[in-house]
Every structure is written in C-alpha cells, then in structure tokens.
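The values are calculated or read from the model by the stated rules, or taken from the named source; none is laboratory data. These figures come from a predicted structure and were not determined experimentally. All Cβ positions, glycine included, derive from the backbone under ideal geometry; neighbour counts span all protein chains shown. What goes into the accessible areas is simple: the full protein's heavy atoms, side chains included, and nothing from ligands, DNA or RNA. Shrake-Rupley method; radii C 1.70, N 1.55, O 1.52, S 1.80 Å.
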Amino acid sequence: MRSRCGDAMRYCEIKQAWLTKVVLFLFLSIGCGWSPSVQAQKTISNGVLAKLAHTRDLLAEKVLAVLLTQKEINTGEEHVGSYSWTIPQNYQKVHECLRDLKVAPYENFGRITLQAVLAAYWLAFFLAGVFLFYTYAQKLKNDRRARRALQQSKDFLQNVIDANPDPVVISADYDVLFADHSARELAVGGRGFTEAETLKCYELLYGLNHPCESRDGFQCPLRQEKNMLPETKNNKTMRDSNGELRSFEIAMAPLPCNGEFIGMVESFRDVSSRVRAEQARYCLERAVEQTGETIVITDAGGDIQYVNPAFEKITGYRREEALGRNPRFLQSGEHDRAFYEKLWQTLLRGETWQGELVNRHKNGEIYYEDATISPIYDQERRLINFIAVKRDVTKLKRSQQALQESEEYHRSLFNDSPVPLFLQDFSAAALRVEEIRAGGVDDLRAYFKQNQKLLVELAALVETTEMNKAALELYRLEDSPAPRQVLGTILVPDDCLHFADQLAAFTSGLDWYDGSGRNQDSDGKILHVLIKKVVINRARNGLAKVLSAVNDVSELHQMNELKNSLEDQLRQAQKMEAIGTLAGGIAHDFNNILTSIIGYSELALLGLPEDGEAYKKITQVIASGNRASMLVGQILTFSRKEKTSLLVLEPHLVVKDALTMLSSMLPATVSIETEIDSDCGQVKADPTQLYQIVTNLCTNAFQALDKQKGILRVTLQRRELEGRERAVAAGEFAGPFVVLSVTDNGCGMDSATRERIFEPYFTTKAQGQGTGLGLAVVHGIVESYGGFIEVSSELGQGTSFEVYLPVYRETSAAVETPSTVSRSSALPQGTEKILLVDDEETIVNLEKTILKRLGYLVVATTEAREALAMIKADAETFALLITDQSMPFLTGEELAREVAKIRPALPVILCTGYSSVLSKKEALAGGVIRKVFKKPLSLQELAVGIRQVLDNPEGS
C-alpha cells in the first residue's frame, strides 16, 4: 500500500508542472465559457489504457497524455460527477493511492472539483490570469497594428492600381474578386466596385449572362485554368459604359497557390488610339497603293524611293526598274531645259509646283500628266524628300482635242448647212409667259388668239444669237447684220399662233417643238415653213439656248394645195357617185309614189271649182309633189353631172312661178319684195334647174333670218357688162346678162365662210338641218350655162347673191315656157284601145282611171309576161302599148323589142322613174319606143303625149 502511495506521490511531484498546465487549460476553458458538463464528458476507454506500459515514472505522464489526446467517447463507461473529468475505475492503483493519501486536489475517489482546484491553486490561477490578460492585450495591440498596416498597404496598392489607367480585374471561378476604378468605369452599365464584387466577370465587362464563348481568336482564360498557361495577351473590342466602341489589349496572368490555379489577373490596356492610328495608316497605305493617281517619292537628290502600282500601270515600268533612278528617264523631249529649271527652282524655294507633264511610256507612246510636286522637310526644316502626285490626263487631253475638232466641225455644219438654223434665247419671253400663267390663264393658244399683238411683242423679246447663211438667205438678210430680234420681224402678225404653241411647249417643260406656220422675209413675201426647235441642255442653260431649224416648203405647200384640190374633187366625185347610186336606188320607187300623189291630186282637181278652198289645197299638194320630184332630179343631176335639155325660155315666168310656191311656205315674219323685169331677155336653160336656182337661193335667205322679222328681196333685170371679164365655164366674155338678185337682211357671213359656201356638203346649219348641196348645185348649174355668181356679205348686215346668166341672142329660136298645167284648158281625148303595163298596182289603177276618163279603152296588167301573151294572142286589137321600164322578168325595153317582133307597127310609150342602164336617147334610138315619159308625169303631159303618138304613127 505504502509502496503504491509512494509511487503515486512521486508521480504527483514529478508531474506537478504538467498538472499546472492542465489546470490552466481547464481555467481558460472555463473562463472562455466552456463547460465539460455542457459540451461533453470525455472518458478513457479500458482498451486504450491497457496498451500503456505501466512504469512508475511514466504512469502519470501517460495517464495525462491519454486524457489529453483521447478522442473517443464511450458512453457506456462509468464516471463520477457531472463537473469533472473521470479517471477509469480499472486504474485501481491510482484511485487507491489518491484515496488513501487524500492529496489535493484528488479526493473522493479521484474526483477533481472546481472548488478544490481553486482552493489549492488560486494564486497560480491569479498569476496565470494576469499573464494571460497581458498576453491577450499585447496580442490585440499587435493585431490592431497589423490590421492598420494591412489597410495602409491595401490602400497603397489600391491607389497604385487606380493610378494606372489600365483597368485591372481579379476573378476566380468567374466571380469578380477585385476591380479597380478604371475597370468600374469600363464596366457595362457603370456598376460600382461594391456591386462589382457580387457580379460575374462576363456580366461586369461584357454585359453577358453566360461565360464568354471562344470567338474572334479570343479564349476565356478561366476555361484554360487546368493548363496553367503563362502570362498571355489578347486583343478585344468592346463597348464601355457610355456605349462607345473601344479596343483593348488584355494581359492575363494566372494566380497560383501551392501549385494550384486559384484565379486570374486581367489587365485591360486601351489601345483604341493606336488601333485607329494603325487603321488610318493602313487605309492610307491602301489608298496610296490603290489610287489611280501616280505617287512618286524621291530623296533630296531626286532618286526614286517609292512608286505605287498606278505608276507601273501608267508608265509601263515595274517598281524594281524605277527604284533608285532619277525620274528624268520618263522625259519625252516635249519640254525644254528652261521648263525643268523653272520646276526645280520652284521646288527648292519650298513651294509646290503644279502643271502638266508630257512623258513617254515604256513602249514609246506619249502620255499627259497633271502633276503636283511638293518638297518634304523634317522637324529641323531639312529637305529630305520630294513627293509627286500625278494624274493621267491623256484621255482628257485627247477628248479636249476631239471636242475642239467636234466644235469646229459642228460650227462648220451650222454655218454651211443648207437648212436655215437659228440659235435663240427664249428666257425673257418665258418669264412673261409665266406671269401670264400666274394670272390664271391656262389655255395660252386661246388667250393669244384674242391677243395676237401681245404675241408679236413677246416675239420681239426672243433674242436670236446666231443665224447661219441659209437663214440669212431665206429671209433676205445677207446685206445687213442679222438683227437680234429677227423673230419679231419674220412672224406674220395675223398668223403667228404657232409661236404661241412654242411658248406653251417650252414653258410646260417640253424640250422640243415640231410644227408649221407662215413667216415673211424682209420684203414681206409670205413663206410657208416647217419649224423644229430643240432646247439645248435645259438643266444648265434653261431656255437661253434653243436651236431652231426652218424648212421652206412654200413650193410644197402649193403642190399640196393642188393635191388637196384634186383629192377634194376625187372625194366629191366619189360622194356624188355614192349619192347617185343611192338616188338611183330610190328614185324609181320615190317617183312612183309621187306619180300616185300628183296623179290622184290632178284627178281630184278636175271636179272642183278653181276658186274653192279644196282646189287651192290640192294645188299645193301637186306643187309639193313637183318640188319633191325636182329634188330627186336635182340629186340625180348633181351626182351624175349629166347634161340636161336646154330650152330658150323667158326666165321671168319661172321666177314668178317659183316665188308663188315659196310665198306659201315662208313664215309670216318674212316679207317678200320683188322687182321682176318681164323684158329682161331670154336665156337658154333647163326650166327645172332655173326653178331650182330660185328656190335654193330664197330658201337660204329666209333661213338666214333665223325666225326673226326680215325682208327677202328678189329682183330680175337685164344688165350690160362692158369690158368685164370673168373666167367662167364658157370662157372670158362681156355683154348682156340677165341678173337674178336674192338679198336678205339676216345674220350675214364672215370671209372664211364666204370662201367655202360653194363647197359640196359645206353647211353652217346644225346637224340634220342642211345637206350642204344647195349652193353647190346652184354654182354648178350657173357655170354650166356660162354664167357666174357674185356674193357680198358682212356679219350682221345680211347677204346678197347675184346670179349672172348670159342673154340668149338668137331671136329666131322658139320660146318654150315651163311645163305647167292649165286647169281651164281641155285635155285631148280618144277612143283607142290601150294596153297598160306597170308592176306597181297603184300606178296601174291611176293611169287606167285617167285613160278611161280621157275616153280610151284600157286593158291593164301588172305582169310584163302577161302583157306579152296578150299581144301574141291578139296584137291587132291594141292601138298603143304603155309600159313601165323597171319590172321583174321583163323590162319595158325588152317587152318593146318582143312586141316589135310580133307587130312592128304597134307604138310603144315607155314610162320610167329612173334607169341607170337606159337613157332617153338610147330608148328612142331603136325606133321601137316612140316616146319616153319621166315619172312623175302630169295629167296634161300624159294626155298630150298619147295623142302625139297616136296621131303620128310614123314617129313622135
């Protein structure tokens, strides 16, 4: 037991210093707030202590060592107390020793309490506490100094980095660890440093939401961290916080730690100015290399140091052939020595020389250069180089020579051209026209038509700058200087609307005019000209240069007038032919209708008293029928131009008869004044045509009165024309004339209308109110009689027609009067048997009634073949055959020939409304047909004609 206690004492003495440390550790632990009861209870397992070598000297040390290093907690071990470290109970020797000796701080079976420790070692604890407090205070002081020094170092480093204009960024795993002031300014969106530490590097610098992709030769260094590349440099173009595009040279260096990559330092150097300078230098180099102008740089002695590719192209010499040589090898010999001496004097004075050089190509051809040569000085004003910029102007030079030759050629063409040419300036006249347009005038031609004097004034404003020889000759200005206002003198004042058309065309934007008109030369001779005008380069000259070409077509105009006249005659003949065809087609039927109207009217008159009202009315029906018949005959006569039978007659009878008919047709507002000379003389004419002349002239006269009150004056008198000569159809003559004058006080005519009144189809009446044939027919009839017509008229003053018909001088000729029916005279009658044939049943009935009324025996039929059969059956029964010409199956002429074969002595009368194949002369020529009646025929004409044929069987 003592032995075990002694061992324990020695153990305690030897290791008292270590236990002190343990106590200090416990104190610090408790003082720092650590409690074994709260944290954990550490126990020593039996397995661990069993391994220790149980020696006397080392027991305590090993026990403590085990206690201090034990990491395992065995909750199944027994332990004592809640505020103690327990010693394993299987260490019986320790426990027994400590219990027997009761040495502090061990008591109560090895439990160490805090009170025991404090009581036993309070002084040690106090000193230890003072020592620890002092040590901790020193540590805090040193820490503050270290932190202050660290902050100063950090601030110094930050200032050093911020003073560097190049942005610096430190990043690891894409997180920004550090960004200097420049980097924050560069940062997209202008984010600050504090915010920068929370961003990713690609967000801060590039505004991306994902790591940078490898593009444009740029590799993200953080993706290469495993390779631990040495410091590298890349070029990158990006936009700063202001949106400005900038170029940076990025230096990247890895941050190693213990041989591992932990981050990346990136330094951004702004090389925008250098890049722009390099780009500008590159552009300048490329411009010099690619420019079309020759660039030659020589040293101060004149030897070539540089030539661009254009030099090779223009001179033909390669760069290697030119370098080191003096440019005089290009000389052509066109310049003398004085030329080059003056050039060098200019350069050596420090001035720039400009001029034209004539050099020689390698192949020997001459070329021209527009050169600018300048000296180049260094900073100390020492001459170091000459630079020449030369432009090849060979083509331009040759173009100028060609242009000069062309100008001379065209000048020769202008002056020697056979076409009259003018160069005119329309500027002043165009300004006046614009003023007129601004006044609201749209139709210039209509405006100038009413103001032709103003048009002549505008023509005087057109300045003629040049005239060629042909123009001077055309307008007879050879002997006088060409007037600058020649246009105003060559225009015909009352016929210059073509000039208005020119002004309208040029002021409306057209650059050409093509027309015709009349001019006059210096002697007043009228020229018919074709005019062509072209504005030369309106964009540059405006209307200051207008080239005018004039072609004299006066002779051609005369030929055209003749040609037009012939064409008019041809058209007239064609129209008349068409009218004749149309008239011939309807004349037969129309005359048949008129035959019925006139015939039945005449039959009605036979039983009426002449003073009765019905007699007068029926007389007007007959007159209208005769007028209609005359109209058909007029159209046929005018269209066929056929000769009619002229009779010597008393014209006053026809005129009076025509006026009688007209008086019943004129409106009450028109009064007729007549002065008819019954002894005016005889004329040779067709009574129907003379009747037509009177009615046409009078009809035109009262139509001119246009429903207004007026006077129609008709006179007929004899007039001697002494020495008067007129070109008429019969030739030139003088002598007595019967003059028919028709005068009205109506609207009158202007000169233009007066010139055209005798043209066929010309009329001033509204459509449907006139044919335009009346006066043309009158004119044709009068000229065919050897007469003429004079017309006098003024607008608003009325019109007068005077028809001159030559007096018939043969007094022995029988005088015939127009065919008029005397209702009081007895009609010739007879009792013979007559065969009547006509395809129109109404005419057959009419003529049958008339013949029976005249006492004749009549057999009538509408079939020509039936009539022929009757003749064949009993030819001797009939004394006369009356037949129509136009019938189906057999015409009247054919029927007459067939009858002549059966009974040649049977007389035949032929009635016709119109026949285009058989004339009256042809019908009578055969001797078979004794008489030809033209429908419509009157009662008296039929009665007289029948008796003439029957009473004269040998011929009529």
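With all protein chains kept in place, the per residue accessible area of region 424-616 amounts to 54 square angstrom at a probe of 1.4 angstrom.
For region 833-951, the per residue solvent-accessible surface stands at 43 Å², with DNA, RNA and ligands left out and a 1.4 Å probe. Rounded to the nearest 0.05, the FRET efficiency derived from the C-beta distance between residue 160 and residue 123 at R0 = 51 Å is 0.40.
Under the criterion of Cα pairs below 8 Å and six or more residues apart, the relative contact order for region 833-951 equals 22 percent.
Put a plus charge on the Cβ of each Lys and Arg, a minus charge on the Cβ of each Asp and Glu, and nothing anywhere else: the dipole of region 424-616 about its Cα centre is then about 920 debye. In this structure, the amide hydrogen of residue 385, modeled 1.01 Å from its nitrogen in the peptide plane, lies closer than 5 angstrom to those of 376, counting only residues at least 5 positions away or on a different chain. The label point for residue 377 and the one for residue 406, both projected 7 Å from the Cα toward the Cβ, are 4.7 nm apart. Which pairs break 25 Å Cα to Cα here: 833/872; 872/931; 313/342; 575/931; 453/533; 616/833? In this structure, 313/342; 575/931; 616/833 exceed 25 Å between Cα atoms. Probing with 1.4 Å while keeping every protein chain in the model, the per residue accessible area of region 291-399 equals 59 Å². Dipole of region 424-616 computed with +1 at Lys/Arg Cβ and -1 at Asp/Glu Cβ about the Cα centre; of 615, 499, 600, farthest Cα towards the positive end is 499. Surface listing: 652, 779 arranged by accessible area from highest to lowest gives 779, 652, probe 1.4 Å.
In this view, the solvent-accessible surface of residue 344, computed with a 1.4 Å probe and all protein chains in place, comes to about 100 Å². Only Lys, Arg, Asp and Glu carry charge here, each on its Cβ (+1 for the first two, -1 for the last two); on that basis region 276-316 has a dipole of about 200 debye about its Cα centre.
For region 591-621, GluC sites (Glu not before Pro) are listed when DSSP marks them as loop and at most 12 other Cβ atoms sit within 10 Å of their Cβ; the list is 610.
In region 424-616, the portion of solvent-accessible area held by carbon and sulfur atoms comes to 55 percent [1.4 Å probe, whole percent, DNA, RNA and ligands not counted].
With the charge dipole of region 291-399 set up from +1 on Lys and Arg Cβ and -1 on Asp and Glu Cβ about the Cα centre, the Cα lying farthest toward the positive end among the listed residues 322, 350, 306 is that of 322. Relative contact order (percent) for region 291-399, with alpha-carbon contacts under 8 angstrom and 6 or more residues of separation? Dividing the mean separation by the residue count of region 291-399 yields 28 percent.
Were the residues from residue 947 through residue 613 laid out at 0.36 nm apart, the gain over their Cα-Cα distance would be 117.0 nm.
Each of 467, 665 has its accessible area taken with a 1.4 Å probe; listed largest first, they run 665, 467.
When the accessible area of region 833-951 is split by element with a 1.4 Å probe, what percent falls to carbon and sulfur? Carbon and sulfur: 50 percent of the exposed surface of region 833-951.
Accessible surface comparison of 611, 173, 479, probe 1.4 Å, protein chains only, largest first: the order is 479, 611, 173.
Within the accessible surface of region 313-376, defined with a 1.4 Å probe on protein heavy atoms only, the carbon and sulfur portion equals 45 percent.
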